[in-house]
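Only one structure is covered here, and it is reproduced in the block below.
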Amino acid sequence: MITTIKWVFWITFWVIVIGLFHYTLPQKDLIRIVNTYEERQDLDDWTRIFWTEPDDNSVGRVNRDVQFIQAVRADGKVMVYRNEDTGWGWPPYFKLDTANLYTEANDAISTKAEPEWYVLKHYGWRNVYWSIFPNAISIRKVDGPDASKGIPYLNILILVLFFAVAWGIWVRWRRFREANIDPTLEAMGDELAETRQGFAKWLGTWRKKN
């Protein structure tokens, strides 16, 4: 039972960690921008956790206007991105140029007959059922649909640092457990075994008397 609980705990922990990294770390899509628009979005349901925190002027509101970028990926799949400032909150992209990015996206619109291709950096997930959209961070023009999106150096650095810290914590915990917790548990187990043996002897003596 204890082993099962331990496995459930660690599986849940790592699923949450992987989910947070997948949502937060920057990703890049090779796209053709086909349109931009603004739409009023409701903020009063549980999905608001996937939207940027509202500014001081809209904290009390249940909806606000959000900018969107419609695009087609190089593989032909459609994608819609939201365009919101992250400010000084989480995740720490410190994005404060939403208006500039919206202008760049409008200037980058192209047709299927005369396509222009861009690498769009974003974070977050897309879910059509819950109306969740990844947040665009920046766009960069490339030569064509086969262009390289670049090596994700930042992602690699963050993951290496995280696993290095996690490994260091685990090693220190294992040493602490072996030096302090395990001997204590073994001593408690020995005392419990001795107590059981003594009780068994007393019980055997009492039965003989009766």
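So the values come out like this:
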quantity	calculated
Count of residues meeting criterion [modelled with pLDDT of 90 or more and loosely packed, with under 11 Cβ neighbours inside 10 Å] in the stretch 48-76	2
Pair list, Cβ < 8 Å and 6+ apart or interchain, from the stretch 127-141 residues that are at pLDDT 95 or above to residues that are assigned to a loop (DSSP other than H, G, I, E, B) and of a type in the set (S, T, N, Q)	Asn135/Thr52; Asn135/Thr86
Per-region count, the stretch 97-120, residues touching a residue at least 60 places away in the same chain (Cβ under 8 Å), among the hydrophobic types (A, V, I, L, M, F, W, C) and in a helix (DSSP H, G or I)	1
Boolean, Ile132 is under 30 Å from Asn35 (Cβ atoms) and not polar (S, T, N, Q)	yes
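The values are calculated or read from the model by the stated rules, or taken from the named source; none is laboratory data. Since the structure is predicted, the reported quantities are computational estimates derived from the model, not experimental observations. FYI the Cβ positions are ideal-geometry reconstructions off the backbone, even for glycines, and counts take in every protein chain you see.
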